[in-house]
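Written out below as structure tokens is the structure these notes cover.
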Amino acid sequence: MNNASTMIASVDLGSNSFRLQICVNTNGQLQIIENIKQMVRLAGGLDENKNLDEASQQRALACLAQFGERLRGFSPKYVRAVATNTFRVAKNIKPFHKQAEQALGFPIEIIAGREEARLIYTGVVHTFNARGKKMLVVDIGGGSTEFILGQKLQPSHTESLPLGCVTYSKRFFQTKHITKKDFQAAIDAARSDIQRISKRYKKRGWDIALGTSGTAKSIATVIKAEGLGEYITLKAMRILTDKIIDAGSVKKAKLTELNPERIEVFAGGLAVLMAVFEELDVEQMAFNEAALRDGVFYDLIGRDYENDMREQTVVEFQNRYHVSKNQAQRVHYIADNFLRSLAQNASEQELNYWQDYLRWACMLHEVGLDIAHTAYHKHTAYILAQADMPGFSRAEQSILSRITLAQRGDLKKLNEMGSLPEMQWNTIFALRFAVLFCRGRVKVTLPKHALLKRNDSKVTLQMPQSWLNKNSLTAAALQHEITDWKKVGRVFELVVLD
């Protein structure tokens, strides 16, 4: 992506609509060449037990197959697919997730709510000139609403709440005749959730309020078309609400320029946005075209231009959890050499991919020490799996969690996580043995005759007897490793050289 124009694609799997957007990237300048949208209404397929019904799954798979057809020939490096709230909450998402990836032909990242909020803000801040003013960005999706405060390139506050135009329409507006009571119940329920963040957000304050995505767009369009003003206001939304109540339904209200695709979910989105205005004391809001898909593009470009948000997050976590950067560097130096030795048959692309994970794991493998020394690797693994880590998908966090969990202790816990790619085993081995050699927390120089080899699931480490004699604790630990690896069906052999 450095000089020539390159086509890149983002796939946004929202709870209401799925979108595929393709852009030409020329040195960071994006030109949209295709934008495909389908109203899948995935959140509408959630039953009372949070399981996706078969009909919604089939709609989604059919849409993804079409997207996949359009993306044929794209390098995985230039495609990023993200899934949001419904993928996060559906209890039967695991088998469907695999089917969805097969239909699309590319990995699908299920991103956390705060990561979704960060990406939305990234899209806004790159396309809207706030002239240094503080912004409140509200994105009402099909199943969740993201609230972001920010003034610079990175947001200061990000939150995601379970309020969506699809879920609220389904929950409060399924009756044939919409009443004032229905609207008030929906607004009250939304306000109750927003109260969790309202005090903090109002204390921080903002100069500009922006609404993004379909709900804000449809409300802003109707308000303007109805002659109720150029901005979204609570007064204008109350007039729209009264029209719907008087008519008995959104369809019968015949709101000017309301997209027919939005009729089913308009009331739910309207109630949520009214709750936002009432609970946060918003005076007026402008609609902004930027959305999650735009943030995905700019984040993807940032990764390519060595401005990867994941790198910034790793450094921030090192500081937050008081990680020793010297120890992290010592471990990484040895671990990277081990991984190169173990992965001699891997492609350069595959090796580079796992080298990134190994570097991040080395930099973060001791975050758990900030909680307790005992079982610190378990604390580390929990933090990396559960914390909000801007730039990382949940799948990426799970990989880091597994690698760092295996840095010490019983390896049998990895068998409970299912089959792992061979390169992930190589990465686990590299970190585990680097930690073992560096536990003295001083610079370690391995002997010249030390040789690491791999043959299928067997790993052999050759070490001179003289070095082992001088480092008896490490020698004893290496002997224990023989037994530990055997428990997971893998062979580690220590060959002692005279």
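Taking the options Glu159, Glu116, Glu109, Glu101, name whichever one is charged (D, E, K, R) and crowded, with 22+ Cβ neighbours inside 10 Å.
Testing whether each residue is charged (D, E, K, R) and crowded, with 22+ Cβ neighbours inside 10 Å leaves just Glu116.
Identify all residues within the range 343-373 that are outside any helix (DSSP H, G or I) and under 22 Å from the mean Cα position of the chain (by Cα); write none if there are none.
Selection gives His365 alone.
Given the criteria polar (S, T, N, Q) and farther than 20 Å from Leu431 by Cα, does Asn319 qualify?
Yes; evaluated as a whole, the condition is true for this residue.
Select from the range 444-474 the residues that are assigned to a helix (DSSP H, G or I) and over 24 Å from Trp425 (Cβ atoms) and list them in ascending order.
If the condition is that a residue be assigned to a helix (DSSP H, G or I) and over 24 Å from Trp425 (Cβ atoms), then Gln465, Ser466, Trp467, Leu468, Asn469, Lys470, Ser472, Leu473 are the ones that fit.
Does at least one position in the range 234-245 carry a residue that is farther than 23 Å from Ser15 by Cα and at pLDDT below 95?
no
Starting from residues that are assigned to a loop (DSSP other than H, G, I, E, B) and within 30 Å of Ser10 (Cβ to Cβ), keep the ones in the range 300-325 and report whichever is modelled with the highest pLDDT.
Selected residue: Asp308.
Among the residues of the range 165-224, count how many are acidic (Asp, Glu) and farther than 15 Å from Glu278 by Cβ.
2
Taking the condition hydrophobic (A, V, I, L, M, F, W, C), surrounded by fewer than 16 Cβ atoms within 10 Å (Cβ to Cβ) and either not assigned by TED's automatic domain parsing to the domain that holds Gln397 or not in a helix (DSSP H, G or I) (or both), does Ala286 pass?
So Ala286 fits the description; yes.
What number goes with the only condition from (1) touching a Lys or Arg at 6+ places or on another chain (Cβ under 8 Å); (2) assigned to a helix (DSSP H, G or I) that Glu261 does not pass?
(1)
List the number of the failed condition for Ala328; all other conditions in (1) more than 20 Å from the chain's Cα centre (by Cα); (2) outside any helix (DSSP H, G or I) hold.
The single condition Ala328 does not satisfy is (2).
Any residue in the range 421-436 that is polar (S, T, N, Q), touching a residue at least 24 places away in the same chain (Cβ under 8 Å) and out of contact with any Leu (no Cβ under 8 Å at 6 or more places or on another chain)?
yes
What pairs come up if the first residue lies in the range 81-96 and is farther than 24 Å from Leu119 by Cα, the second is of a type in the set (A, V, I, L, M, F, W, C), and their beta carbons are under 9 Å apart, counting only those six or more places apart or on different chains?
Note: pairs meeting the criteria are Lys91/Leu52; Asn92/Leu52; Phe96/Leu52; Phe96/Ala60; Phe96/Leu61; Phe96/Phe87; Phe96/Ala90.
For the range 28-70, which residues satisfy the criterion of being touching a residue at least 40 places away in the same chain (Cβ under 8 Å) and part of a strand (DSSP E or B)?
Answer for the range 28-70, where residues must be touching a residue at least 40 places away in the same chain (Cβ under 8 Å) and part of a strand (DSSP E or B): Leu30, Leu46, Leu52.
Of a type outside the set (A, V, I, L, M, F, W, C), within 24 Å of the chain's Cα centre (by Cα) and either surrounded by fewer than 14 Cβ atoms within 10 Å (Cβ to Cβ) or within 19 Å of Ala190 (Cα to Cα) (or both): which single residue out of Arg320, Arg310 fits that description?
Only one candidate passes the filter, namely Arg320.
Could you check the range 77-172 for helices (runs of 4 or more DSSP H) lying wholly inside it with 3 or more residues that are of a type in the set (A, V, I, L, M), under 16 Å from the mean Cα position of the chain (by Cα) and not assigned by TED's automatic domain parsing to the domain that holds Ser249?
113-127
Determine whether Ala190 is in a helix (DSSP H, G or I), at pLDDT 95 or above and either touching a strand residue (DSSP E or B) at 6+ places or on another chain (Cβ under 9 Å) or over 24 Å from Asp47 (Cα atoms) (or both).
Spelling it out, Ala190 is indeed in a helix (DSSP H, G or I), at pLDDT 95 or above and either touching a strand residue (DSSP E or B) at 6+ places or on another chain (Cβ under 9 Å) or over 24 Å from Asp47 (Cα atoms) (or both).
Has the range 356-366 got any residue that is modelled with pLDDT of 95 or more, farther than 30 Å from Ala81 by Cα and outside the structural domain of Lys98 (by TED's automatic domain parsing)?
yes
Just checking, which of Val250, Val314 is touching a residue at least 12 places away in the same chain (Cβ under 8 Å), out of contact with any Lys or Arg (no Cβ under 7 Å at 6 or more places or on another chain) and not assigned by TED's automatic domain parsing to the domain that holds His365?
Selected residue: Val250, the only one of Val250, Val314 that is touching a residue at least 12 places away in the same chain (Cβ under 8 Å), out of contact with any Lys or Arg (no Cβ under 7 Å at 6 or more places or on another chain) and not assigned by TED's automatic domain parsing to the domain that holds His365.
The values are calculated or read from the model by the stated rules, or taken from the named source; none is laboratory data. Model, not experiment: these values are computed from the prediction. Neighbour counts run over all protein chains shown; Cβ positions are idealised from the backbone, glycine included.
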